[in-house]
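Participant: Dropping a structure here in structure tokens format, bear with me for questions.
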């Protein structure tokens, strides 16, 4: 969606909730995938996606166009819904495709072979939730550092610095523990 059209759509929906439909239709699949990667369950994903858009529609009158992507705002709402869900269930799932693992392994300067990928998966499994979330947003959801900052409610530089620290931690985990 063109940023100008998006801004017009947001202003229209702020005045009339019935105008939210084009934004919903444009972002539904993307938000659904964002949540699906973290739940692994289509039914739970559908519920959380609907809850995300309901909360977004209800909060839209307070939303301010500040130059940050609307998508990042939706991801922040979705992430909050996921946090509540996982808090209730007390578990977290990280599911990365081969392409996402390849991108992460290349960033770490690692070979893309089965053994190293298994080591990377084990290292990822040992990351605390907040650190794993940085890797997910950057390498699974392909968010920019600016978008990550919006989603996590931190500055762009903080998102970049924290991500690079987690990458360093992953490197050391793979070197010391394999």
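Bear in mind these aren't lab numbers, they're just calculated from the coordinates by the rules spelled out. Fair warning: this is a prediction, and the values are worked out from it, not measured in the lab.
Participant: Once all Cα-Cα distances of the stretch 19-70 are split into 10 Å bins that start at 0, what whole-number percent is in each one?
Facilitator: Going out from 0 Å in 10 Å bins, the stretch 19-70 shows 24, 50, 24, 2 percent.
Participant: May I ask for the distance between the Cα centers of the stretch 128-173 and the stretch 1-62, given as a whole number of Å?
Facilitator: Going from one Cα centre to the other spans 23 Å.
Participant: Which three extents, in whole angstrom, do the alpha-carbon atoms of the stretch 3-89 cover along their principal axes, largest first?
Facilitator: Principal axes ranked by extent give 38, 21, 20 Å for the Cα atoms.
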